[in-house]
1. For Arg22 and Arg63, calculate 0.36 nm times their separation in residues minus their Cα-Cα distance, and state this gained length in nm to one decimal.
2. In whole Hz, what ³J(HN,Hα) sequence does segment 161-167 give by Karplus (6.51, -1.76, 1.60; θ = phi - 60°), x for Gly and Pro?
3. Is the shape of segment 1-51 best called rounded, prolate or oblate, per the rule: a/c under 1.5 gives rounded, else a/b larger than b/c gives prolate, else oblate, with a ≥ b ≥ c the square roots of the Cα gyration tensor eigenvalues?
4. Quick check: Cα centre of segment 10-48 to Cα centre of segment 59-74, how many Å?
5. Residue by residue through segment 131-143, what is 3J(HN,Hα) from phi via Karplus (6.51 cos²θ - 1.76 cosθ + 1.60, θ = phi - 60°)? Round to whole Hz and write x for glycine and proline.
6. When a/c reaches 1.5 or more, the comparison of a/b and b/c decides; with that in mind, is the chain rounded, prolate or oblate per its Cα gyration tensor?
7. Per-residue ellipticity at 222 nm for the chain, helices alone: DSSP H runs ≥ 4 residues times -39500 (n - 2.57), over residue total, nearest 500 deg cm²/dmol?
8. Roughly how many percent of the accessible protein surface of segment 40-184 is carbon and sulfur, given a 1.4 Å probe and a whole-percent answer?
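The values are calculated or read from the model by the stated rules, or taken from the named source; none is laboratory data. This is a predicted model, so every value here is computed, not measured. FYI the Cβ positions are ideal-geometry reconstructions off the backbone, even for glycines, and counts take in every protein chain you see. The accessibility values were calculated without ligands, DNA or RNA, using every heavy atom of the protein model including side chains. Shrake-Rupley method; radii C 1.70, N 1.55, O 1.52, S 1.80 Å.
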Amino acid sequence: MIYVTHDQHEAMALGERIVVLRQGALQQTADPLTLYRSPTNAFVAGFIGSPPMNLFRGHVAPRGDEFVFTEHNVTGAAEGTRLETVLDQKRGSRLAAFADGNILLGIRAEHIVLSDNRNRHVNALIELVEFLGAETLLHCSTGATPFRVRVTADNSYQVGGRVPLLFNLANALFFNPISEKVIV
């Protein structure tokens, strides 16, 4: 049976195999879990999932013995509030060589966690707290990019407050900043 819907929640709940179209062009065909975990481009990443995948435009460059993803800072976000995170050596060297290091980082809300590591976190601004019962969605900002974080509901968060976050890049995807197709 073929069922057509514009509601991605309905498609994910009912579909065994889903075809994602954008303006009549095929973007990806896969089962719901593959669409969620392995989108082929930034459109599918931003369309599938609730909340959709967070996307950050930035640059990968070597810094000492490490490779660092640094979010583009068009709004003048202060040091420590914009996203700067270390990549593993293999991924970092590949991405730094790609498109002069310009890249689009995609990460799901559940792969951003509260941090107690003062040296390796982003001090994000909380813009909205969405209590959902067993979990809470924090609508945050680095100062340059809005994004969402899924946390347990047992903590109390304040709008306007700051929260230290760690980005688990083992689960992140990187997209070509122009074609928006997945690289790794």
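1. Answer, rounded to one decimal: 10.9 nm.
2. x, 10, 9, x, 10, 10, 9
3. rounded
4. So the two Cα centres are separated by 30 Å.
5. Once θ is set to phi - 60°, the couplings for segment 131-143 become 6, 10, x, 6, 9, 10, 9, 9, 8, 10, 8, 8, x Hz.
6. Oblate shape, in that a/c is at least 1.5 and b/c is the bigger or equal ratio.
7. After summing the helix terms and dividing by the residues of the chain, the value is -4000 deg cm²/dmol.
8. 52
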